[in-house]
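Here is the structure we will look at, set down as structure tokens.
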Amino acid sequence: MRKKRKFTKRTKWAYIFIAPSMIILTIFVFIPVIASFFLSFTEYDGISPPKIIGLKNYITIIFKDPLFWKAVKNTLFYVIFTVPLGIAVSLLVSLALYQRIKFSALFRTGFFLPTVTSIAAVSVVWRWIYAGDRYGFLNYVLTKLGVISVIQDWLMQPSTTLPAIIVMSIWGGVGYNSIILLSGLQSIPDSIFEAAKIDGVSSWEKFWYITLPMLKPVMLFLVIMSTINSFQVFEQVYIMTSSTEYFGGVLYSALTIVPYLYERAFKRFMLGYASALAYLLFVIIFVFTLIYMKISKFYEE
């Protein structure tokens with residue numbers, strides 16, 4: 001009996017401190033998630049009562065909505081290039097910062113600045129860089145270097161809109177990824193590198209056989225988180241293509257899943273349809289995460 005009272009006394013304050021967070025999570029996360037799942041089986045415009053229509057939203061999206069598959073294609077293209085290239089660039093930056101060069105702390109701060117800057121602010125700056133006139137920074141530089149002779153409107157051409165957004169996203173993610181990788185590098189014992197040096201191991205062999213294997217857990221974390229974030233890309237696409245006649249770029253060349261979901265929910269007020277889109281996105285992310293984890297487990301074995 002005494003043991004039970006001791007357990008209650010020890011844990012009651014824990015429950016008290018956890019309660020506010022759980023209440024907030026329940027109100028703003030759990031309840032909306034459950035409500036969204038219910039709405040995905042309804043026709044709902046936000047005003048009239050929801051009308052249950054079963055799997056109609058899912059069937060329409062998968063079999064009768066070519067714009068959804070356009071968004072899926074663009075999203076996959078974005079993920080395939082943003083995730084590996086972003087991590088590769090971040091790895092190079094983290095390796096450079098790890099060398100304890102002069103002013104390395106200043107460089108770390110500089111690389112991390114895009115991470116703490118609002119995505120909206122960053123996107124506005126990059127819109128100026130890609131501006132389709134002689135005042136656009138990219139056009140100015142390429143013209144002065146003689147690379148191009150005609151001013152290009154990078155965000156108004158279907159072939160360049162999405163690649164332009166990918167470049168911006170890679171730049172914006174380098175800071176966070178580099179800091180995570182740098183912490184992983186610093187966790188590797190120096191004795192391992194010293195032993196390798198004594199054995200006459202080359203720099204490339206140290207990187208391939210020591211550094212990369214030791215960074216696998218960190219890189220797996222970054223791959224999963226970067227994949228999830230890339231599938232959920234919204235602000236970059238929305239802001240960078242907001243000046244175009246078509247939502248998501250000319251001919252929907254940069255339309256991804258979340259901006260498409262936003263357009264259906266808050267411009268056409270198809271909230272039930274948008275909820276179904278959200279759960280299909282969840283399934284896609286879940287499947288990709290499982291694939292990554294299976295591949296990682298296979299290579300570990």
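Where a number appears in this text, it was derived from the coordinates with a stated rule and is not lab data. Here the structure is a predicted model, which means the values were calculated and not measured. All Cβ positions, glycine included, derive from the backbone under ideal geometry; neighbour counts span all protein chains shown.
Summary of packing: across the peptides 185-195, 230-240, 204-214, the per-residue average of other C-beta atoms within 10 Å ranks them, highest first, as 230-240, 204-214, 185-195. Cross-link pairs exceeding 27 Å in C-alpha to C-alpha distance, out of LYS197/LYS294; LYS70/LYS144; LYS102/LYS206; LYS64/LYS267, comprise LYS197/LYS294; LYS70/LYS144. When the helices of the chain are scored as -39500 (n - 2.57) per DSSP H run of n ≥ 4 and the total is divided over every residue, the value at 222 nm lands at -23000 deg cm²/dmol. Shape of the stretch 144-301 from its Cα gyration tensor (a ≥ b ≥ c, root eigenvalues): rounded if a/c is under 1.5, otherwise prolate when a/b > b/c, or oblate? Oblate. Residues of the stretch 218-232 falling in the label zone of SER187, defined by backbone nitrogen less than 17 Å from a point 7 Å along Cα to beta-carbon, are 218-226. Sorting ARG268, ARG100 by the number of Cβ atoms found within 10 Å of their own Cβ, with the fewest placed first, yields ARG100, ARG268. Between SER242 and ILE31, the distance separating the two model label sites (each 7 Å from Cα on the Cα→Cβ line) works out to 3.0 nm. Per-residue packing, averaged as other Cβ atoms within 10 Å, sorts the ranges 71-81, 216-226 into the order 71-81, 216-226, beginning with the highest. Packing here is the average count of other Cβ atoms within 10 Å per residue, and on that basis the peptides 123-131, 282-290, highest first, run 123-131, 282-290.
Does the chain classify as rounded, prolate or oblate by the C-alpha gyration tensor (a ≥ b ≥ c root eigenvalues; a/c under 1.5 gives rounded; else a/b over b/c gives prolate, otherwise oblate)? The shape class here is oblate. The fewest-to-most ranking of LEU181, LEU215, LEU113 by surrounding Cβ atoms within 10 Å reads LEU113, LEU215, LEU181.
Per-residue extension of 0.36 nm, minus the Cα-Cα distance of ILE295 and ARG134, leaves a gain of 53.2 nm for this segment.
For the stretch 111-137, backbone nitrogen atoms closer than 12 Å to the point 7 Å from ASP153 Cα along Cα-to-C-beta are found at 131-133.
Once the other residues with Cβ under 13 Å from the Cβ of LEU182 are scored (Lys, Arg +1; Asp, Glu -1), what is the net sum? Local charge sum for LEU182: +2.
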